[in-house]
Amino acid sequence: MDELYDVMIIGGGVVGSAIARELSRYELKIGVLEKNLDVCFETSGRNSGVIHGGFAYDPGTYKARFCVEGNLEFDQVAAELGVPFKRTGKVLVGNTPADMESLKRTLESGQINGSCGLEIIDDAQLHNLVPSVIGKFALWSPNSGIVDPFLYTIALAENAACNGVTYLFDHEVTGISRARDRYTIITSKGDYRTRWVVNSAGLGCGKISEMLGLRGYKIVGSKGDYIILDKNVGPLLPMPVYPVPSNTYMGIHVTPTVDGNVIVGPNAEYINEDAFSYYGVSQKEIRSLAESANTLWPCIHKKDYIRNYCGILPKWVDENGKIQDYKIEARSEAPNSVNLVGIESPALTSALPIARYVVSLFAEKESFIRNTTFNPVRKPIIRFAEQNDENKEQLIKENPDYGEIICRCEKVTKAEMLQAIHNPLNVDTVTSIKYRTRAMMGRCQGGYCQTRLAEMIEQEKSKAVEDIVYARNGSKLFVGKVRR
Amino acid sequence: MSTIRKDVIIVGGGPAGLAAAIEMHRKGLRNILIIEREKNLGGILRQCIHDGFGLARFGQPLSGPEYAQRFIDEVIELGIPYDVGTTVLSITPEKEVTAVSSDGLVTYQAGAVVLTMGCRERTRGALAIPGERPAGVFTAGVVQSYINLHNTMVGKEVIILGSGDIGMIMARRMTLEGAHVNAVFEIMPYPSGLPRNIQQCLNDYDIPLYLSHTVTEIHGSSRLTGVTVSAVDENLQIIPGTEKYYPCDTLILSVGLIPENELSLSAGIEMDNRTKGAVVDEYYQTSVPGIFAAGNVLQVHDLVDNVSLEAESLADNVAVYIRDGSLPVCDVQIITDGNVSHTIPQRISGQKEFTLSMRVRCPFKNCTILIKQNNIALKRVKLQKALPAEMIRISIPKDNLKPEAAVEVSVE
């Protein structure tokens, strides 16, 4: 623990990585402590991947303000960071007079929030936008969109790393102490000293708050399950289709992904902190998701299921269980800290505005020197499958590995896999490569490519097979060689 | 990107593609090309190092690689061109085939296309097996590849879901490599794999097979720690109270194979919902003239010997198509009763004899397979037993066959 960090960020999700990236614009020694083996292994990678319009939040809240701000700048952000993003628009579909009242209220709060282009559309307009939907009218939000949540988080983190931020994976924070104006952060892999600390621990925000001496936050998890559908239904869903929202919950919806799949979900089950690491999906939930969403978009059939998953949103609630706005605070009880609590949806949309706000809290106390070498641009891995024939030929000419298809479903080439394996964060779980390339994400779920992927990690990273990990700490794929 | 003319492009260099190519060469077709995405010919046989292949065809038990090598040797001897490490990206209804390799993109204008892409495995996601998502859940073919081609051992304490042939073969293989295979669970009331594999891979190693059971929850946040298994009733619904926990570090799924028809769809070929393969006529021609299909991409076979046979039998037709530019019209439908899971072909000309291959939907004892048209029996086959695991091949004579009403296939 010889080195002193200027800022240590606890949690490398989309918000922690956005903060890291925004802070890397300045001459600071920045670290990110992440308990998992890569970014986006928790809430940031387990959601609907929607860039929200900002109409569903109470006026005056951080959620409303940061969401609208994040939405409006997202084209530029996505281009800068090389992230797949589509401004598809979105509809909230209703049928009854009560639905209409509710949508009108949503429209009004959206207008106050500054969400652009909202309008109520009739049956014909709705079915013109989404022919396969069931509904009589809708609230149309032309500015809503979809993003690859994995790649967005990865892009922020990689861009931060390329601008000098140190990512420390497999580092779970177990304690924080403060003496002589310095924090000591105790982790599962050693202690770190830092002048500033940021709590962006997502589901762990309550625990880290306690460690900082900021007590009393009650965090509940809202666990939502999803089903992923095959790309062959993708053309039937040009944009996210939502039901009329309640005060606390968006409702089970269907969302296209930027890659052409469809995701169905989530439901919302409130869970306590001791269940925050359980990512199981039950049969009952899968069935009820499909039944519910089929009343909105009747195109969900079991033959198209390719996978299911769940995510958990950290919600800060008051003593009555009422969900609160984001808490973003720099309190004197924990000097030189920024504490973020209850950063749930729409955090994917809001990450960069939140990050800039966090930086502004720092700037009130300390003046920073600009990092003149900061480069906001991250070059993505060029995807063979998304190119036209001419570009494909050119790619192969420059690098013959672009002609070798490793993943048959998503047509991912060896060149892409190699770039992903040698990523700027130096992570090498199987899931890390999957998120960066889409290998194993297709309908065969790795039936063809996973043996090749594992072999490439083994060779490129000179790893023993028994050290190859699927995703989480300890998720070893193999027990060893069959024969030495 | 230039376009190269070929009489026939064969998509896939596994057992079906190899057999089709050799037979087409024998029929005089020379300007043909096999395109194989892997670095070697042989397809899935390369990882099937157990024996039992070729009993019907060669009268001796061969391993998968040995069986494939006989065909590969012949391809090389005959000088049939093949490209390995080359993936077909698309096939148009006009039979334009685009392929990619490290040499670049190539487009072929084919006179005919033979689809022999084989099949893939059904996954956990497709079944939506509930529970967590730890490492240690594999499909049987993936385990086979890890062990036999990549020298990598996947686990020590094993449960197998599904009584498909590859699952049973992997039960034996894992046992021979020192793993402990606890049990095989099958949701159906009968096994889906061949009787010989139940004997040689399970019974001989004292591995129990539980019918009417399925995995109802997967446990473990990192590596698999165990599975919950439940009994199911005759409607395949879980019987509450029958749950039992089995500790294990590996779950192998052998829950079905799906013909790999993404390219067929790109060519606009009509598919059969039952086989998940193309609808073909007695010439093995699909709904797109000049595109043919055989092997596991058409229907999942029980034995590779039958794959080779099926692939060879389309060669003559391809040669005629190349020569004449068309084949006789086939608009006589073959329809089935509820006891037949599917047939190949699905339609015929009604003007010549043909081979019908089919499977029954559930096991039968002392049954008769009746094939009739206009209430006139074309053929009656008496069987002591008929199992869903086994393909049935029946030659239908020309005798009473007419190019008119549908042909009906039933089991009684």
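Here, each number is a calculation from the coordinates, and none is a lab measurement. These figures come from a predicted structure and were not determined experimentally. All Cβ positions, even for glycine, are placed from backbone atoms using ideal geometry, and neighbour counts span all protein chains on display.
Some values worked out for this structure:
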read-out	value
Value of D in µm² per second that Stokes-Einstein yields for the range A:384-467, Kirkwood Rh from Cα pairs, at 25 °C (0.890 mPa s)	189
Per principal axis, descending, Cα span of chain A in whole Å	66, 58, 44
Semi-axis lengths, Å, the range A:161-266, gyration tensor of Cα atoms, sqrt of 5 times eigenvalues	40, 19, 11
Cys residues of chain A counted as unpaired, since no other Cys beta-carbon is under 4.7 Å	A:Cys40, A:Cys67, A:Cys116, A:Cys162, A:Cys205, A:Cys299, A:Cys310, A:Cys409, A:Cys444
J(HN,Hα) series, the range B:340-355, from Karplus relation 6.51 cos²θ - 1.76 cosθ + 1.60, nearest Hz, glycine and proline x	9, 7, 5, 9, 10, x, 9, 8, 9, 7, x, 10, 8, 5, 8, 9
Distant-in-sequence amide H partners of A:Tyr5 (H built 1.01 Å from N, under 5 Å)	A:Arg193, A:Thr194, A:Arg195
P(r) of the range A:54-135 over all Cα-Cα pairs, binned every 10 Å from zero, in whole percent	17, 38, 34, 11, 0
Charge-dipole axis of the protein assembly as shown as Lys and Arg at +1 and Asp and Glu at -1 on Cβ define it, positive-most pick from A:Leu37, A:Leu4, B:Gly241	B:Gly241
Of A:Lys414/A:Lys434; A:Lys86/A:Lys231; A:Lys284/A:Lys315, those spanning more than 18 Å from alpha-carbon to alpha-carbon	A:Lys284/A:Lys315
Size descriptor, Kirkwood hydrodynamic radius, that averages inverse alpha-carbon separations across the range B:213-279, Å	15.0
Residues with amide H under 5 Å from that of A:Gly480, placed H, sequence gap 5 or more	B:Met153
Percent antiparallel among DSSP beta bridges (both partners in the protein assembly as shown, rounded to 5)	65
Diffusion coefficient, µm² s⁻¹, Stokes-Einstein with Kirkwood Rh over alpha-carbon pairs of the range A:1-86 at 25 °C and 0.890 mPa s	164
For the range B:329-412, convex hull of alpha carbons as volume per residue, Å³	76
Projected area averaged over orientations for the range B:123-255, convex hull of C-alpha atoms, nm²	7.4
Between the range B:84-156 and the range B:207-261, the alpha-carbon center distance in angstrom	25
Charge dipole magnitude, Cβ of K and R +1, D and E -1 - chain A, Cα centre, debye nearest 20	780
Nitroxide proxy distance, nm - points 7 Å out along Cα→Cβ at A:Asn391 and B:Ser102	2.4
Debye intensity ratio I(q)/I(0), log10, chain B, q values 0.10 Å⁻¹ (C-alpha model)	-0.72
Taking the convex hull of Cα positions in the range B:111-188, its mean projected area over all directions (nm²)	7.4
Qualifying aspartates and glutamates (Cα of each under 13 Å from Cα of A:Lys397; at least 8 residues distant if same chain)	A:Asp389, B:Asp103
For B:His342, distant residues with modelled amide H under 5 Å away	B:Arg359
Neighbouring partner chain Cβ atoms per residue of B:23-32, average, 10 Å criterion	0
J(HN,Hα) series, the range A:130-147, from Karplus relation 6.51 cos²θ - 1.76 cosθ + 1.60, nearest Hz, glycine and proline x	9, x, 8, 7, 9, x, 9, 7, 7, 8, 9, 10, x, 8, 5, x, 10, 9
Part-to-part distance (alpha-carbon centres) for the range A:139-178 and the range A:255-291, which is given in Å	22
Compactness index (Cα Rg / 2.2 N^0.38 Å), the protein assembly as shown	1.02
Inverse of mean 1/r across different Cα pairs in the range B:229-358, Kirkwood, Å	17.1
Peptide B:398-406, shielding by other chains (average Cβ, 10 Å cutoff)	0
For the range A:41-96 versus the range B:363-403, the gap between their alpha-carbon centres in whole angstrom	60
Cross-link partners of B:Lys156 among lysines (Cα-Cα below 18 Å; sequence separation of 8 or more within a chain)	A:Lys476, A:Lys481
Extent along principal axes [Cα atoms of the range B:1-56; Å; largest to smallest]	43, 28, 11
Cα-based equivalent ellipsoid of the range B:1-129: semi-axis lengths in Å, sorted from largest, via gyration tensor	26, 21, 12
Sorted by Cβ density within 10 Å, fewest first, the residues A:Ser367, B:Ser313	A:Ser367, B:Ser313
Principal semi-axes in Å for the range A:126-210 [√(5λ), Cα gyration tensor, largest first]	43, 17, 12
3J(HN,Hα) from dihedral phi, the range A:417-429, Karplus parametrisation 6.51/-1.76/1.60, rounded to Hz, x for glycine, proline	4, 5, 4, 5, 5, 9, 7, x, 8, 6, 9, 8, 6
Long pairs among A:Lys218/A:Lys365; B:Lys379/B:Lys402; A:Lys218/A:Lys322, criterion Cα-Cα beyond 21 Å	A:Lys218/A:Lys365
Neighbouring partner chain Cβ atoms per residue of A:281-289, average, 10 Å criterion	3
Average projection area in nm² (convex hull over Cα atoms of the range A:337-429, one quarter of hull surface)	10.0
Theoretical FRET efficiency, 1/(1+(r/R0)^6), r = Cβ-Cβ of A:Glu460 and B:Ser90, R0 30 Å, to 0.05	0.50
